[in-house]
1. Quick one: Pro468 ticks every box in (1) within 30 Å of Thr135 (Cβ to Cβ); (2) open to solvent by 50 Å² or more (accessible area, probe 1.4 Å) bar one, so which box is it?
2. Within the stretch 509-530, track down each residue that is part of a helix (DSSP H, G or I) and open to solvent by 50 Å² or more (accessible area, probe 1.4 Å).
3. Output the number of residues of the stretch 30-51 satisfying the condition of being over 29 Å from Leu131 (Cβ atoms) and either touching a residue at least 24 places away in the same chain (Cβ under 8 Å) or buried (at least 19 other Cβ atoms within 10 Å of the Cβ) (or both).
4. Just checking, which of Asn142, Asn176 is surrounded by fewer than 23 Cβ atoms within 10 Å (Cβ to Cβ) and farther than 30 Å from Asp241 by Cβ?
5. So, Gly156, is that one buried (at least 19 other Cβ atoms within 10 Å of the Cβ) and small (Gly, Ala, Ser) or not?
6. Of everything in the stretch 444-480, what is free of Cβ contacts under 8 Å to residues at least 12 places away in the same chain and not aliphatic (A, V, I, L, M)? Give them in sequence order.
7. Ala82 - would you say it is at negative phi, open to solvent by less than 30 Å² (accessible area, probe 1.4 Å) and modelled with pLDDT of 95 or more?
Amino acid sequence: MSRKLLTSVVCGLVGMNCMSVFAETRPKLVVGIVVDQLRTDYLENLQDLFSEGGFRRLFKEGAFIRDIDFKIPQPDVASSTAILQTGSYPRQNGIAGENIYNVTDKTIIPVFNDAAFIGNFTSETFSPASLRVTTISDELVNAGNGSTKIHTLAPGPSQAIILAGHEAKSAFWVNNETGKWSTSTYFTAPPAALQNKNYNSPLISRLDTMKWVPLLKGVDYPDVSRNRIAEGFKYSFPRSDRDVFSMYKESPLMNRDIAEAAVEYIRDLKLGKNQESSDMLGLGFTLAPFQNVTSPSDSRYELEDAYLRLDRNLEAIFNAIDRYVGMENTLVYLASTGYFNDNYSPSADSRLPGGTFSVKRAVSLLNSYLAAKFGNGSYIDTYYDGHVFLNKSVLEEKGLNLNDIAGESRDFLVRMSGVSDAYTVADLMSPSVPQLEGHRLASDPKTSGDIILEFNPGWKVIDDTRFPSVEKKQKYVAFESPAFFLGANIAPQTIEHSVDAVAIAPTVAKILRIRAPNSASDKPIILKKK
C-alpha cells in the first residue's frame, strides 16, 4: 500500500471516529422548563432549605445566568414563554399575551383560539396557528427527519402550546372548568397515560383529600415572621367552589402533578432512547403568588413553600433523567418568565400614593370629547388590558383619518389622573423614539389597540365595562429573573451580567447543533464546556 493511500485511509478512519464521537455527544433528550415568575432573590434566600438534587444541583452543576432581560413592559406567561422558545419578541412571533381582542366579533378570545380543531376533554378549540415563527421544538423536529418525539405539559393551554410548537406529538394542560388533562386534535399522538387518568383518577375525585400545608415543620422560612410561622397555613380545595380548579392550578400541587406526569413520560415513552434524533419534553411550572392567601398583606410564607416544593419536584425529574437517560445525554434548560404579579394591596386607610382608574368613565369622557369635536357617534370600540380600540366603521363613515383621531385620543387620555403615558400605533412604529423600543417590541400591530396606555404605579385599573369587572394593580418592580443550563457537557459557571431573553433559544440550538428558530436574531450565549 502506498504511503499516500495509507495516509488517506488513516485520515478517513480518524475523521469517521471524530464524527462518531461528535454524534454521540449530541444530547438525546432535551428538557425545556419554563417557570412562571421565578425570581433569583428567592432562589438565593432559600438555598439552605433546598434539597441536593433540585435547584441546588442546578447551581452546583449547571450554568447559572443571574438575570435574563425580556425588555418588554408587563409580559405574561404566554408572551414570555414565546420569547424564550422563539428567540423573538411579540412583534415578530405574534404572541403579545394570553388573550387578544377580536375586532370582528368584538370579543376577547384566547390567542390560540382556532375553531378548525376540536378539544379533547375540553370545549376549548386551540392550535399553534397564531405562533407565526418556528420554535426550538420545531427546529429539533426538522433536524430529526420526523423521528423526534416532542411532548409538553403545563398548567394552562398557551404555555403548553408554545412549548409544543407546530410539530409536537402532544401538548396537555389542565382545564379550568373540569380539572381534566386537556389537549387539541391538532396534536396527533397524545399519550394514553393522561387520558387514562381522566377516566380512572380524575382530579375532581381527589380534591377533597388534598391539602396544602407547609412542607417543613418547625423551620424558619427566610423573611417570614415568627408569628406567621407559628400560625402556619392550610388550604383545601372543596369541590363546591366554582373556581376550585383555577385555585388548584395556582397552588404548588399543580407543579407536583406536572412533575409526576413528566417522570412517567420519561420512563414510559422512552424519551431519549431514539437512535436517530433527540426527543424533547417541555414543562411549564408556576411560582405565581397564590391569590387565595389568608394574609394578603404578606404571602411570602406560601410563596417560599411553593419554591421548596418545586425544588423537590425538580429533583424527582432529574433523578428520572439520571435513571432512564443519563444527565450526560440530556440538556436541561430552565428559565423564568421575567415578571412578578404579587397580591399585595395597601390597607384602606393607607396614605401611600395611588388611586383608582375607571375604564368606563375614561371611555365615556373620551367619546364625549371626540363627539364634541367631530360630531355625534360611538368612536370607541372597546378597551382591553391597556389598549383602546377605536371604532373604525364610524371613522370611515365620517371620513376621519385613523391616525389623527388616535393622536387626539392619546393627547386627551394622557391628561387623565392615573395615566403616566399614552402611545398610538404610529408612535410605536417609529424607530426614532428609542424610549418606546420596549413597547414596540411588545406590540403585535395585527392585534394591538389604537392607543396604548401606561399607568402610574400604585393605581388600580378597574375595567368596569365588563361583567364581572376586572381589576389590575399597577406596579413596576425590577428584579432578577434566572436561567440555567444543565447537562450536555456544560461546565458549572455563573454569568453575572444580564442576558437578553431572546438569546436563550439560539443558545439551546447551538448546544443541540440545530438551526435556531427562524426569527431568532440574537447570538447564542457562550457557555464553558467541561
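1. Just one mismatch for Pro468, condition (1).
2. Lys510
3. Summing the residues that are over 29 Å from Leu131 (Cβ atoms) and either touching a residue at least 24 places away in the same chain (Cβ under 8 Å) or buried (at least 19 other Cβ atoms within 10 Å of the Cβ) (or both) in the stretch 30-51 gives 8.
4. Asn142
5. Yes.
6. Arg466, Phe467, Pro468, Ser469, Glu471
7. The answer is yes for Ala82.
A quick yes/no check of all residues on (1) over 21 Å from Tyr333 (Cβ atoms); (2) in contact (Cβ under 8 Å) with a residue 40 or more places away in the chain; (3) in contact with a strand residue (DSSP E or B) (Cβ under 6 Å, 6 or more places away or on another chain); (4) among the charged types (D, E, K, R):
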| position | (1), (2), (3), (4) |
| --- | --- |
| Val244 | yes, yes, no, no |
| Met247 | yes, yes, no, no |
| Ala262 | no, yes, yes, no |
| Lys273 | no, yes, no, yes |
| Glu276 | yes, yes, no, yes |
| Val293 | yes, yes, no, no |
| Ser299 | yes, yes, no, no |
| Asp311 | no, yes, no, yes |
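The values are calculated or read from the model by the stated rules, or taken from the named source; none is laboratory data. Because the structure is predicted, anything quoted here is derived from the model rather than measured. So basically every Cβ, Gly included, is an ideal-geometry build from the backbone, and we count neighbours across all protein chains shown. SASA here: full protein model, heavy atoms, side chains in, ligands and nucleic acids out. Shrake-Rupley method; radii C 1.70, N 1.55, O 1.52, S 1.80 Å.
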